[in-house]
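Heads up: the structure comes next, in structure tokens.
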Amino acid sequence: MLEVFKINKIPKKKWSSENALNIKPRLSTFFFLCLGLFLFGLGEGLLLLSTIGNSPWSVLAEGISNKSGLTIGSSTFFVSISVLILWFFLKQKPGIGTIMNIIIIAAVIDLTLNTFQTPSSTFLKYILSIFSVLLVGLGSGIYLVSNLGPGPRDGLMTGLTKVTELPIAFVRATIEITVVIAGWYLGGTVGFGTLIFAFGIGPAVATSLLAINKL
């Protein structure tokens, strides 16, 4: 159990890319990248369906959706593009994984919202929110191990850390809090599910990386 809290690096597997900026990855690497992003998007979509609180960036996407009339998936796409634009000022370089992150997660969120329904009971909503966070954690682990470039939000975090020289934990927390406040102001759903995500996503990703490393 304590091993989960000792994970401090991304493991390498046979299907991991040696170069994060590899533009011609092996088929197996590309497959696991897409699988991880699909699971990530599915988890985000299911968390939205729980209606008891979204992840910070989905709070923002839902808020923008409420104001603009766009689908939440489309809002997620445009938020990701906006964040990616900031990369150029932070001297960050996107990889194939960065681009696929933007496309797949946005598409799967809309697909999930159009395929499944919100549970009828409060108990099942809480179960769904917990399951959603575990799915996002699993997807994150798989896509990170593929090593084909960070997602837009991760790149923003690392870029700001380099520029400001502030601790990465402080930078990530500041970004997430800012995003939640902006999304809540726009009408996004903040609730217990948001707390479950905030406190559960770290251990979920670490557990995923530990499991993948032992395969």
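Does V163 fit the bill of being of a type in the set (A, V, I, L, M, F, W, C), surrounded by 19 or more Cβ atoms within 10 Å (Cβ to Cβ) and at negative phi?
No: the conditions fail for V163.
Which of the following residues is under 22 Å from A173 (Cα atoms) and either part of a helix (DSSP H, G or I) or at pLDDT 95 or above (or both): I99, I109, I85, I104?
I85
What number goes with the only condition from (1) open to solvent by less than 50 Å² (accessible area, probe 1.4 Å); (2) within 17 Å of F40 (Cβ to Cβ); (3) without any contact (Cβ under 8 Å) to a residue 40 or more places away in the chain that I103 does not pass?
All conditions are met except number (1).
S120 fails exactly one of the following numbered conditions: (1) modelled with pLDDT of 95 or more; (2) open to solvent by 50 Å² or more (accessible area, probe 1.4 Å). What is the number of that condition?
Every listed condition holds for S120 apart from (1).
For segment 23-68, which residues satisfy the criterion of being open to solvent by 20 Å² or more (accessible area, probe 1.4 Å) and outside any helix (DSSP H, G or I)?
I23, K24, P25, R26, T51, I52, listed by residue number.
The values are calculated or read from the model by the stated rules, or taken from the named source; none is laboratory data. The structure presented is a predicted model; accordingly, all values stated were derived computationally and were not measured. So basically every Cβ, Gly included, is an ideal-geometry build from the backbone, and we count neighbours across all protein chains shown. Remember, those area values only see protein heavy atoms, side chains included, never the ligands or the DNA or RNA. Shrake-Rupley method; radii C 1.70, N 1.55, O 1.52, S 1.80 Å.
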